[in-house]
Amino acid sequence: MNTNANQPTKNDEKNFLVKEVVARHQHSKGALIPVLHEIQERYGYLPVEIQEKVAKEMNISQAEVFGVISFYSHFATKPAGKYRISVCMGTACYVKGAGSVLDKLKEKLHVKVGQTTEDGAFTLEECRCLGCCGLAPVLTVNGKVYGRLTIEDVDTILESYKNDGGIA
Amino acid sequence: MQFFRSHILVCGGTGCTSSDSAKIIEELDKLLVDKKLDKEIKVVQTGCFGLCEQGPIMVVYPEGTMYCKVKVTDVAEFVEEHLIKGRIVTRLLEKSSDVKDGEYAIEKSSFFKKQLRIALRNCGVINPELIDEYIAFDGYKALIKALTEMKPDEIIETIKKSGLRGRGGGGYPTGSKWEFAAKQDNDQKYVCCNADEGDPGAFMDRSVLEGDPHSIIEAMIIAGYAIGANYGFVYVRAEYPIAVKRLQIAIEQAREYGLLGDNILGTGVKFDLEIRLGAGAFVCGEETALMTSIEGKRGEPRVRPPYPAEKGLWQKPTILNNVETLANIPMILLKGPEWFASMGTEKSKGTKVFAIGGKINNTGLVEIPMGTTLREVIYDIGGGIPGGKKFKAAQTGGPSGGCIPASHIDTPIDYESLIELGSMMGSGGLIVMDEDTCMVDIAKFFLEFTVDESCGKCTPCRLGTRRMMEILDKITKGRGKMSDLDELETLARDIKAASLCALGQTAPNPILSTLRYFRDEYEAHIRDHRCPAGSCKSLLSYEVTEDKCIRCGLCAKNCPVNAITGSKKDEIPFVVDQDICIKCGVCYQKCPVDAITK
Ligand SMILES: Cc1cc2nc3c(=O)[nH]c(=O)nc-3n(C[C@H](O)[C@H](O)[C@H](O)COP(=O)(O)O)c2cc1C
Ligand code: FES
């Protein structure tokens with residue numbers, strides 16, 4: 001593999017990442033999804049430039065790459081906000097009022113599920129059963145779990161992140 | 001090997017980790033060193049004990065004392081009292097437990113008494129990251145027996161005789177599936193494990209992977225030997241990071257020990273496996289879609305036949321089994337098919353794990369013999385409904401299943417009885433609902449799920465489920481017509497008949513079953529514009545009952561949108577402005593004298 005000895009530009013970085021990941025998975029069958037997982041894990045999301053490079057490196061059409069990305073909700077083509085709030089909409093959480101928690105978040109953040117606030121601070125997401133139904137209803141912020149929520153907790157949680165890291 | 005006088009088991013399952021069990025372990029380790037007890041007492045991070053409601057859970061052996069809801073700040077007291085002075089910290093015991101003669105054992109707790117743990121046998125018992133602990137509990141013994149004493153067809157015969165049926169939903173006999181694949185003449189076959197766990201209220205497969213990953217590896221090697229496959233895939237949800245990590249560690253350890261590879265235990269048998277991550281598509285739990293996804297494509301289902309046992313992954317004969325199904329395999333080989341078949345009902349043998357959640361006191365994982373009644377699960381093991389509320393229904397089978405109403409609470413649970421009631425076993429989510437849960441809303445919840453997850457390949461599923469959801473939405477907003485109910489039933493019949501895969505074929509079940517048992521609730525929404533459970537927001541209006549109101553002002557103070565006005569000082573009655581009210585229910589919860597009605 002050709003490593004870039006000169007100062008890497010943003011583009012080289014992406015090139016390098018894609019090449020490296022594809023090379024490592026090349027031997028295995030059905031490698032596209034594992035490749036996308038790893039790139040997203042490291043790059044955060046899968047913009048068009050990356051999709052192009054993956055298609056080229058793997059010798060498949062860009063349509064195939066995009067077809068897979070658009071099929072699976074886990075793959076994102078846009079970057080997420082600084083804090084990803086994910087509300088569990090599993091059955092146990094729903095029965096215990098997760099719907100109202102989600103409504104409250106939508107109202108406070110002025111976004112729909114899947115959107116990011118204008119300042120780039122929060123992305124609101126839904127997920128399904130986090131496996132801690134004993135704490136239902138549950139939400140996570142960048143993976144940190146908040147359980148046994150009431151609607152009022154939403155304010156406290158949002159405040160704690162707004163005060164942290166200088167978000168207006 | 002070092003000998004310890006005592007072991008402290010701390011749950012490292014997802015539920016307890018979420019309430020900081022890792023920090024408890026850190027603190028324990030630190031204090032044990034401080035008190036110079038670290039050579040005598042060992043802390044072990046295990047998988048899930050099942051009693052998630054009371055987490056984080058910590059159990060001390062040899063005495064078997066179970067501590068619940070342990071906090072980091074409790075650790076010092078525990079070390080001082082229990083470990084040094086030998087006195088139980090009673091305030092941290094589970095509520096239902098009796099302390100007799102200063103002794104209390106986990107087995108006596110009402111939550112565990114009626115359970116029979118086979119698939120979950122090692123969860124909460126061993127450290128899942130150490131292969132030696134699995135081996136110490138008879139791990140890989142079934143594999144040795146299979147490879148050295150049994151022929152492939154004997155293994156298949158044993159599984160058939162045990163009566164084991166798939167735990168992933170369908171309940172297809174596992175032995176017959178294996179037999180079908182074994183008969184195929186092909187130089188390449190595959191074994192797959194379904195750990196996609198799509199039911200949004202179930203987490204048993206995750207707990208087995210987190211708490212006992214080697215049992216799945218062992219079973220897959222046995223399956224490979226039985227059908228003549230030398231490679232396997234475990235398809236795991238991407239949302240299960242702890243499970244993936246522990247399974248990866250387990251695979252590496254198994255390779256190191258020669259339990260995976262080209263010459264397993266010197267027998268010349270070859271098998272290896274790898275993990276593939278799902279990417280958030282529910283339909284990929286369906287067997288043909290799962291295989292398409294492993295192939296690296298859009299996970300759309302294929303028409304069957306041909307069945308995967310004939311033409312599966314890359315058109316090669318493939319078997320797919322659920323995690324819990326596989327977890328039973330080693331035990332069946334070790335203890336014999338008769339032992340397994342002695343448990344359960346006529347057509348459903350063995351045990352089933354359920355994830356009980358919702359309006360129940362002991363949320364968690366339970367494993368019970370097939371044929372246990374719903375009443376035993378909910379009241380004896382689950383500890384009943386919180387707040388003295390009334391049990392209304394239990395939902396099983398997730399988005400493909402239905403509700404079991406209170407009138408059938410004494411039904412013994414098995415594959416057949418649940419189907420008869422219009423539900424299904426599914427993978428084992430069991431959500432308890434009380435009088436405050438609206439059944440129309442629950443049906444809508446599941447329909448929203450299927451609309452979201454329909455892959456779009458076939459029209460009845462894609463458009464039909466959307467149409468049903470729109471009707472339900474109208475009904476919950478009080479804009480339904482009586483004729484909508486007939487339309488729902490017609491649509492349901494058509495979608496069931498015409499959909500390509502089981503996702504669509506079962507999608508109408510949540511509606512059909514709630515219509516069957518709770519038709520009056522649908523009618524109340526339509527005719528009286530009333531939600532009997534008081535849950536559908538559009539049909540609610542929060543009002544202050546003047547004679548009950550003590551004018552404390554708590555409602556107005558807590559209202560997030562200032563919809564409530566009134567004054568304590570000036571004796572102005574409190575009222576809710578319905579135009580401003582967002583129906584969040586905070587006033588209802590805050591009122592100390594129940595003066596707010598909905
Ligand atoms: C839409 C859909 C989703 C499914 N999801 C799962 C799942 O998450 N886990 C699972 O084990 N089986 C699931 N199944 C059932 C599988 O298709 C398959 O029957 C099962 O994994 C076979 O294993 P078993 O015989 O051991 O149960 C699903 C089926 C359908 C139609
Ligand atoms: S349903 Fe939310 S954690 Fe299980």
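The values are calculated or read from the model by the stated rules, or taken from the named source; none is laboratory data. Please read these numbers as outputs of a predicted model, since none were measured by experiment. Heads up, the Cβs are rebuilt from the backbone with ideal geometry, glycines too, and the neighbour counts pull from every protein chain shown.
The table below gives the values:
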quantity	calculated
Verdict on A:Ala121 being under 29 Å from B:Val366 (Cα atoms) and either among the acidic types (Asp, Glu) or away from ligand 1 (no atom under 16 Å from the Cβ) (or both)	no
Selected residue (only one of B:Asp196, B:Asp212 is away from chain A (no Cβ under 11 Å) and within 16 Å of ligand 2 (Cβ to nearest atom))	B:Asp196
Filtered residues of segment B:383-394 (kept if surrounded by 24 or more Cβ atoms within 10 Å (Cβ to Cβ) and in contact (Cβ under 8 Å) with a residue 60 or more places away in the chain)	B:Ala393
Those residues of segment B:213-242 which are among the hydrophobic types (A, V, I, L, M, F, W, C) and modelled with pLDDT under 95, in sequence order	B:Ala238, B:Ile242
Residue check, B:Pro330 crowded, with 24+ Cβ neighbours inside 10 Å, more than 19 Å from the chain's Cα centre (by Cα) and within 30 Å of A:Ala31 (Cα to Cα)	no
Matching option when the condition is within 13 Å of chain B (Cβ to nearest Cβ), of a type in the set (D, E, K, R) and either within 15 Å of ligand 2 (Cβ to nearest atom) or surrounded by 20 or more Cβ atoms within 10 Å (Cβ to Cβ) (or both), among A:Lys96, A:Lys108	A:Lys96
Residue check, A:Lys144 of a type in the set (D, E, K, R), within 22 Å of B:Gly357 (Cβ to Cβ) and facing chain B (nearest Cβ under 8 Å)	no
Residues located in segment B:44-64, provided they are surrounded by fewer than 24 Cβ atoms within 10 Å (Cβ to Cβ) and among the charged types (D, E, K, R)	B:Glu63
Residue that is more than 16 Å from ligand 2 (Cβ to nearest atom), more than 12 Å from chain A (Cβ to nearest Cβ), without any contact (Cβ under 8 Å) to a residue 24 or more places away in the chain and at negative phi, where the choices are B:Lys311, B:Lys349	B:Lys311
Segments classed as helices (runs of 4 or more DSSP H), wholly inside segment B:453-566, with at least 1 members that are within 14 Å of another protein chain (Cβ to nearest Cβ) and in contact (Cβ under 8 Å) with a residue 40 or more places away in the chain	B:459-476, B:509-527, B:554-558
Residue among B:Gly296, B:Gly261, B:Gly232, B:Gly280 that is more than 28 Å from B:Phe354 (Cα to Cα) and within 14 Å of another protein chain (Cβ to nearest Cβ)	B:Gly296
Enumeration of residues in segment B:1-47 that are in a helix (DSSP H, G or I) and away from chain A (no Cβ under 14 Å)	B:Ile24, B:Ile25, B:Glu26, B:Glu27, B:Leu28, B:Asp29, B:Lys30, B:Leu31, B:Leu32, B:Val33, B:Asp34
Positions within segment B:188-208 being within 18 Å of B:Leu260 (Cβ to Cβ) and more than 12 Å from ligand 1 (Cβ to nearest atom), in sequence order	B:Gln188, B:Lys189, B:Tyr190
B:Glu420 within 22 Å of B:Leu500 (Cα to Cα), without any contact (Cβ under 8 Å) to a residue 24 or more places away in the chain and surrounded by fewer than 22 Cβ atoms within 10 Å (Cβ to Cβ)	no
Single residue of A:Asn15, A:Asn11 found to be surrounded by fewer than 14 Cβ atoms within 10 Å (Cβ to Cβ) and either within 16 Å of ligand 1 (Cβ to nearest atom) or outside any loop (DSSP other than H, G, I, E, B) (or both)	A:Asn11
Some residue of segment B:78-89 being surrounded by fewer than 19 Cβ atoms within 10 Å (Cβ to Cβ), away from chain A (no Cβ under 14 Å), more than 30 Å from the chain's Cα centre (by Cα) and closer than 23 Å to B:Asn361 by Cα	yes
Yes/no for A:Lys56 being in contact (Cβ under 8 Å) with a residue 24 or more places away in the chain and basic (Lys, Arg)	no
